[in-house]
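Chemist: I have a structure I would like to understand better, so I am pasting it below and will then ask my questions one at a time.
The values are calculated or read from the model by the stated rules, or taken from the named source; none is laboratory data. Just so you know, these numbers come straight off a predicted model, no measurement behind them. All Cβ positions, glycine included, derive from the backbone under ideal geometry; neighbour counts span all protein chains shown. Calculation scope for accessible area: heavy atoms of the full protein, side chains included, ligands and nucleic acids excluded. Shrake-Rupley method; radii C 1.70, N 1.55, O 1.52, S 1.80 Å.
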Amino acid sequence: MELTCEATIWVQVLVDAPSHCRTYTYRLAPGMVVASGDVVSVPFGSQRMGGIVLSCSECLPGDLDASQVKTVEEVLGEGFLPASFWHILERVAEYYLAPLARVIETALPPGLLSRSQRRIRLAQQANPMAEWGLSQDGKILLAFLRAQKEPHASWRFLQQRVPRARLGLTDLLRRGLVESYLVAPEPPRVRTQQIVTLVNEDQEGLTTRQAAVIQTLRSVGGEATVESFVAEAHTTRVMLSTLHKLGRVQLSDRVMQRGAVPLAPKDQPKLLTPEQQIVVERLKEMKSGTVLIQGVTGSGKTEVYLQAIAPVLARGESALVLVPEIGLTPQLTDRFTARFGAQVLVYHSALSEGERYDTWRTMLTHEPQVVIGTRSAIFAPLPKLGLIILDEEHDSSYKQDRPAPCYHARTVALWRSEICGCPLLLGSATPDSESYQRSQSGEYLHLQLTKRVADRPMPGVEVVDMREELADGNLTPFSRRLQHALVDMKEAGKQGILFINRRGYSTFVMCRSCGETLRCPNCAVSLTYHRLPTGEHLRCHYCNYSRSQPRNCPACSSPSLRYFGAGTQRIAAQIEELFPDLKILRFDRDTTSRKNAHRQIIDQFAQGEADVLVGTQMLAKGLDLPQVTLVGILAADGLLNMPDFRASERAFQLLTQVAGRAGRGDDPGRVILQTYAPDHPVVEATCTYRFESFIEKELDERQALNYPPFVQLIALQLTGVQEGRVIAVAEALATILDGSTDFEGNILGPAPCTVERVAGRYRWQLLLKNPSGSQGRHRLQELLSGFSPQTGVSISVDVDPLRLL
């Protein structure tokens, strides 16, 4: 419904208010036009906030006074949420027990629903005497602000970096040492570029210089951006303005497409193997439904995706392709742009706000497109969606842990495929146990690719017992067999991958004199040691707290600090020390934090600029590197003993995926798996690639213990600064749930989380086994809505949690 303002128009706007989200009534200014699904900026108290227009009406709700109703300030985006899109958002909110505004904020490009930002700055005319008697919390916060490059910071940033920041701020404000103020939000907007276009090539009456500019413009195709052309033609904007007045060129503004995907050299569909041909033909016959494509690593699933998408685009429809990691998008994007050219768009969190904003606007058009993205791209507003693909569908990165909504992209993809009436393709060499169970029950179509392309053999997996290495005096993290294999690999001119599922240099630092471990002051974990160009640092991988590495123990002042454990940084350093001729690259969260770093590192390695790629689980997810013939798996035992009922399944999936990076080219692959538990069932299953027997045994055990996929789990996590309050609220909530006749599920806990304090907040959880499906969730939501925890304790809900740590 779209209305203009000849009469006063009242609109219902969904606003994500600080304490709760609900709809509020606003009036439209004269001449303003809005429709449901538009993003608007509205006043809210002393702030400005973003909101979504739900409806428009000429009638003011009867309980409101027109003089008290505020006016919509600005339309930030038109039609950003199509009418057909609301159903999926409402379903996500209902299933995951999350506020609708939170779901909308997650779906939309970032920044559109932003609110005024609270910032803290040092007072310019503070009384120096005011620091007398300042509390310790105030001293810490004041010192932190003074240490910043700028004398101000956002309140949210200060809360993340400074323990007990709220108490410190109260003291500083009372003494006039700092000031608190609000900054209006700056949502992303369309960006334009000025274009110069040749409209008349007649050079009569022009000066020699003017004629030369016309000639240059013609040589570059008759059109260019003013910024680039001024440099190309060695001219000025004044010259172009003169030519515009003379009718020779036209100057106009054109909307930019930020984040446009660079085109790759065109390729043609590849000849399919017999198994691939069968799968593609079955997919072309599908009009709807879900299919699980179980294909061994290197079996050519990507080519299957490409050939399944081609007829979708030919029908004028779009395809959505999800990958679990941003690191996978460069290689996949290159493959897709080589096949589909400018029809390919990329959407993920590493793009800037402007790039995601422009890509979202492009997706709203009715042109056939292929959108490649990570988890959040499942909300891509493609009007004519003809196919959804989840590559590496087993990966836990598809599940959002926090903040709410804690949705799983695979579940939302299933709903979208049902609503749009299009097929959903789930692809993996090691399918998730739930997907596999549904395929065996007939709910999903199950198609298999059992052979690698060109009948290449699967890489052999050799297990090295590290107990024997230690007994023989080898104290390095590299077995002798792996060391010999690295030498052979280098001599053959091939490449290798070393996998260790920890980043940083050392896992923790301990004093050998008193046994003190250097720990995070905000979390119940040890600090990880990092060697950086700026010096030696200790960092918490939970709250991002960091500090410089002390020379002496903080507890006993002894200089005898020792580094224990190994991460990617240490492994890379030790490899360089043992094998100076090997060129090393690291691929982990630390080295890929810069924009486009994923592409740069993978391109460097693919072009032969390094011999060995050392990395974390990011290496296991779909990378295709034909020159890799050796994979070394270090410290596999860390994956086998996690306190989670899914630990064995995840370990098997990760080890199998890492092993699958070897031997994808013309040369056979070799995998060396180092472990202190060579007889572990996961290790044995990895060596033989026996997925079916392994997962069926897992499913039998889950069914006996009444765990997913045979029952639904719901995790309730309670957090707060005061541990006693958190425990009291957790116990009270457990008592209410246990005594309720409305909720029939089993309750486990309350118990502290495995890491019981993160960012200064204590964490306890309740785990609910919900046998009643949607009915049980509705009853739980009713119970929670009527439960008021103590001040300072928050409750978060995670439906179908994947991590219980």
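Chemist: Can you tell me which residues in region 116-137 are surrounded by 19 or more Cβ atoms within 10 Å (Cβ to Cβ) and of a type outside the set (Asp, Glu)?
Modeler: Of all residues in region 116-137, those surrounded by 19 or more Cβ atoms within 10 Å (Cβ to Cβ) come to 120, 137.
The answer is 120, and nothing else.
Chemist: Hey, any hits in region 577-584 for a residue that's open to solvent by less than 50 Å² (accessible area, probe 1.4 Å), hydrophobic (A, V, I, L, M, F, W, C) and assigned to a strand (DSSP E or B)? Break it down stepwise before answering.
Modeler: Residues of region 577-584 open to solvent by less than 50 Å² (accessible area, probe 1.4 Å): 579, 582, 584.
Now restrict to residues that are hydrophobic (A, V, I, L, M, F, W, C): 579, 582, 584.
Next, from what is left, pick out any that are assigned to a strand (DSSP E or B): 584.
Yes.
Chemist: Give the residue that is modelled with the lowest pLDDT, with candidates limited to residues of region 389-402 that are more than 19 Å from residue 371 (Cβ to Cβ) and under 12 Å from the mean Cα position of the chain (by Cα).
Modeler: Taking region 389-402 and keeping what is more than 19 Å from residue 371 (Cβ to Cβ), we get 394, 396, 399, 401-402.
With the extra rule that they be under 12 Å from the mean Cα position of the chain (by Cα), the set shrinks to 396, 399, 401-402.
Working: 396: 90, 399: 94, 401: 86, 402: 81.
Checking each candidate, the answer is 402.
Chemist: Give just the number: which of (1) in contact with a strand residue (DSSP E or B) (Cβ under 6 Å, 6 or more places away or on another chain); (2) assigned to a strand (DSSP E or B); (3) surrounded by fewer than 16 Cβ atoms within 10 Å (Cβ to Cβ) does residue 75 not satisfy?
Modeler: It fails just one condition, (3).
Chemist: Go through region 525-545 and count every residue that is over 25 Å from the mean Cα position of the chain (by Cα) and assigned to a loop (DSSP other than H, G, I, E, B).
Modeler: Here the count works out to 2.
Chemist: I'd like to check something: does region 449-472 contain any residue that is of a type in the set (A, V, I, L, M), open to solvent by 10 Å² or more (accessible area, probe 1.4 Å) and assigned to a loop (DSSP other than H, G, I, E, B)?
Modeler: yes
Chemist: Additional query: Of the residues that sit in region 283-301 and are among the polar types (S, T, N, Q) and more than 12 Å from residue 426 (Cα to Cα), which one is most open to solvent (accessible area, probe 1.4 Å)?
Modeler: Result: 288.
Conditions tested, residue by residue: (1) farther than 30 Å from residue 160 by Cα; (2) not in a strand (DSSP E or B).
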position: 686; (1), (2): yes, yes
position: 701; (1), (2): yes, yes
position: 709; (1), (2): yes, yes
position: 714; (1), (2): no, no
position: 718; (1), (2): no, no
position: 766; (1), (2): no, no
position: 769; (1), (2): yes, no
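Chemist: Give the residue, chosen from 264, 233, 319, that is in contact with a helix residue (DSSP H, G or I) (Cβ under 6 Å, 6 or more places away or on another chain) and free of Cβ contacts under 8 Å to residues at least 24 places away in the same chain.
Modeler: Numbers: 264 fails: free of Cβ contacts under 8 Å to residues at least 24 places away in the same chain; 319 fails: free of Cβ contacts under 8 Å to residues at least 24 places away in the same chain.
Just a single option satisfies the conditions, and that option is 233.
Chemist: Of the numbered conditions (1) in a loop (DSSP other than H, G, I, E, B); (2) open to solvent by 10 Å² or more (accessible area, probe 1.4 Å); (3) under 28 Å from residue 317 (Cα atoms), residue 401 satisfies every one except a single condition; which is it?
Modeler: Among (1) in a loop (DSSP other than H, G, I, E, B); (2) open to solvent by 10 Å² or more (accessible area, probe 1.4 Å); (3) under 28 Å from residue 317 (Cα atoms), the lone unmet condition for residue 401 is (3).
Chemist: Right, another one. Which of the residues belonging to region 734-755 are at pLDDT 85 or above and under 16 Å from residue 644 (Cβ atoms)?
Modeler: 748, 751, 752, 753
Chemist: Somewhere in region 675-682, is a residue within 25 Å of residue 498 (Cβ to Cβ), among the hydrophobic types (A, V, I, L, M, F, W, C), in a loop (DSSP other than H, G, I, E, B) and open to solvent by 20 Å² or more (accessible area, probe 1.4 Å)? Reasoning before the result, please.
Modeler: From region 675-682, those within 25 Å of residue 498 (Cβ to Cβ) are 675-682; that's our starting set.
So of that shortlist, the ones also among the hydrophobic types (A, V, I, L, M, F, W, C) come out as 677, 682.
Checking the rest, the ones that are also in a loop (DSSP other than H, G, I, E, B) come to 677.
Keeping just the survivors that are open to solvent by 20 Å² or more (accessible area, probe 1.4 Å) gives 677.
For region 675-682, residues within 25 Å of residue 498 (Cβ to Cβ), among the hydrophobic types (A, V, I, L, M, F, W, C), in a loop (DSSP other than H, G, I, E, B) and open to solvent by 20 Å² or more (accessible area, probe 1.4 Å): present.
Chemist: Filter region 446-468 down to the residues that are within 13 Å of residue 632 (Cβ to Cβ) and not aliphatic (A, V, I, L, M) and list them by number. First the steps, then the outcome.
Modeler: Initial filter on region 446-468 (within 13 Å of residue 632 (Cβ to Cβ)): 459, 461-464, 466.
Listed by number, the residues that qualify are 459, 462.
Per-residue answers, yes or no, for (1) part of a strand (DSSP E or B); (2) of a type outside the set (Ser, Thr, Tyr); (3) at pLDDT below 90; (4) crowded, with 17+ Cβ neighbours inside 10 Å:
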position	(1), (2), (3), (4)
361	no, yes, yes, yes
382	no, yes, no, yes
406	no, yes, no, yes
430	no, no, no, yes
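Chemist: Could you please tell me which pairs satisfy a Cβ distance under 6 Å, a separation of 6+ or placement on different chains, a first residue in region 55-68 that is outside any loop (DSSP other than H, G, I, E, B), and a second residue that is β-branched (Val, Ile, Thr)?
Modeler: Here the result reads 56/9; 56/11, each pair linking region 55-68 to a residue that is β-branched (Val, Ile, Thr).
Chemist: Does residue 423 meet the test of being over 30 Å from residue 482 (Cβ atoms), surrounded by fewer than 16 Cβ atoms within 10 Å (Cβ to Cβ) and touching a helix residue (DSSP H, G or I) at 6+ places or on another chain (Cβ under 8 Å)?
Modeler: On the way: over 30 Å from residue 482 (Cβ atoms): yes; surrounded by fewer than 16 Cβ atoms within 10 Å (Cβ to Cβ): no; touching a helix residue (DSSP H, G or I) at 6+ places or on another chain (Cβ under 8 Å): yes.
No; evaluated as a whole, the condition is false for this residue.
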